[in-house]
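Heads up: the structure comes next, in structure tokens.
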Amino acid sequence: MSTDRYGRRVGVYRPFLFFPFLCIMTGNLAGWDDTIVALATPPGVGAIGVIRLSGKEAWTIADALFSSKNLLAQAPNTLHVGLLREGDTPLDEAVVSLFKGPRSYTGEDVVEISCHGSPFVQGQVIQACIRLGARMARPGEFTQRAFLNGKMDLAQAEAVADLIASNTSASQHTALVNMRGGFSSVLRSLRGRLVRFSALIELELDFSQEDVEFADRSAFYTLIEEATATTKQLLQSFGWGNVIKNGVRVAIVGKPNAGKSTLLNALLNENRAIVSEIAGTTRDTIEEVINISGILFRLVDTAGIREHTTDAVENMGIERSRAAMDSADVIVYLVDLSTASVVELEAVSLELRLRGKSFLLVGNKADLASSLSFPGVLSISAKSSSGIAELKDALVGLVTGGKVHSEGVVVTNARHFAALTEVLKSLSDIRVGLDSGIPGDLLALDIRRCLYYLGEITGEVSNEEVLGVIFGEFCIGK
């Protein structure tokens, strides 16, 4: 690893000197010119199944199957009803939608065949398309082609997958904002301003002997401050983005007979867990999902935790309970207010704080309790569902920090978070370089590195292996 006279590493960044350019050789992608076909709707029996074709032969293949009229003579963005036939064999009566590139999802010629929802019929139509020259699409290949053809950037393409997987209003809203370019527009604005300054500094290098400055250093300071603030804000949003995308794992723990299973049933509003007066009834963890105010909470009902038991199976359940606490995002520790003491509550509270996790200390059986009072305890009665609404509000408040996150760009992707972390480091290096008055060539090197990581998010800097991993997580027809 080489260093400059300031002791800074430089060798590792040499491959990035000519960014920001799109560093992907689309011609090297296997099967780039193929016409692809796949079922775009979920497999299984249904009223309708949509088969999608994309590529230069899409219209020709569809026309060969469509016996009712000449599709090649039809206008784009039109629908046509007729019989699908392979040779003399009728396949189905279908609706054919025609799209002409670049005004299509993939940017290529696209045909969508809406046939009846029989898996056998769908299979016949797809095999007929393959016999006419198409091949089966790989996972995410339609969206990958949309990205490669400039219909969307990589961050938007990933948001498509997030929208498909969304299961709450919050995840749907965030995916839509990112898919429509909200996140990308923030990055493009930041990247564009950095590119302009980089160009001016590069120009200074050509006139180094004249000792002139084309880039206003004071304006550059302002830009770096603004860029740093924006990057930090995006990084801070990742915590909330992770909640939106993956939900919140909540471990319901406590001593035997504290009412954990009753609480789970009350939160779900159904009898999911077996409830008994016998201590140790729950022997294993039970997991259920509940949507509270647009946030998914993955509730884990655990076996009661006690120090001494001779039951081997119960001991295994207790170990799983402790493991559930370790893996949880939030711990709901339930205590029986009818038997609890202030000493016990103090000990539990201290243990939870030492774990370093978000927690709620919840006192159950408040209807049977005496006048026991302890700060920070949320009193409920799981059996009568008293206080359950307040508990749900407390869970949401704990996760959101009491803030409403309905607007603004939210980072939900770990890949984006890692790249933004590098962007922040690069911005810090640029600031240090400005303060130190380092030469323009070294300053330009830091700017290029920052541009590289910004481009990595949107796909302006990418490689085939990374694309394969990203689009391989899509469903086949998308």
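No lab work stands behind these numbers, since they all come straight from the coordinates. Bear in mind the structure is a predicted one, so any value in this text is a computation, not a measurement. Cβ placement follows ideal geometry from the backbone for every residue including glycine, while neighbour counts extend to all protein chains displayed.
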* Loop trypsin sites (Lys or Arg not before Pro), the range 103-178, which have at most 14 other Cβ atoms in a 10 Å radius of their Cβ (DSSP) -> R103
* If Lys and Arg each add +1 and Asp and Glu each add -1, what is the summed charge of the other residues whose beta carbon sits under 13 Å from the beta carbon of K478? -> -2
* Please give the peptides 70-78, 48-56 ranked by average Cβ packing (other Cβ atoms within 10 Å per residue), highest first, as a rough proxy for protection. => 48-56, 70-78
* **Cβ-derived FRET efficiency at R0 60 Å, A323 paired with R103, nearest 0.05** => 0.65
* For a label point 7 angstrom out from the Cα of A219 toward its Cβ, which stretches of the range 183-201 have the backbone nitrogen within less than 19 Å? -> 189-201
* Dividing the convex hull volume of the alpha carbon atoms of the range 95-179 by its residue count, what do you get in Å³ per residue? -> 125
* Structure fact -> The pairs in K151/K425; K56/K478; K69/K100; K357/K425; K392/K478; K56/K245 lying past 25 Å Cα-Cα in this model are K151/K425; K357/K425; K392/K478; K56/K245
* To do: Would you mind ranking Y221, Y453 by Cβ crowding within 10 Å, fewest neighbours first?
  => Y221, Y453
* To do: Work through the residues other than G117 whose Cβ is under 14 Å from its Cβ and net out their charges, Lys, Arg +1 and Asp, Glu -1.
  => -2
* To do: Any chance you could run the full-extension gain for R353 through A73? It's 0.36 nm times the residue separation minus the Cα-Cα distance, nm to one decimal.
  => 93.6 nm
* For the range 35-133, what is the Kirkwood hydrodynamic radius in Å, using each pair of distinct C-alpha atoms? -> 13.1
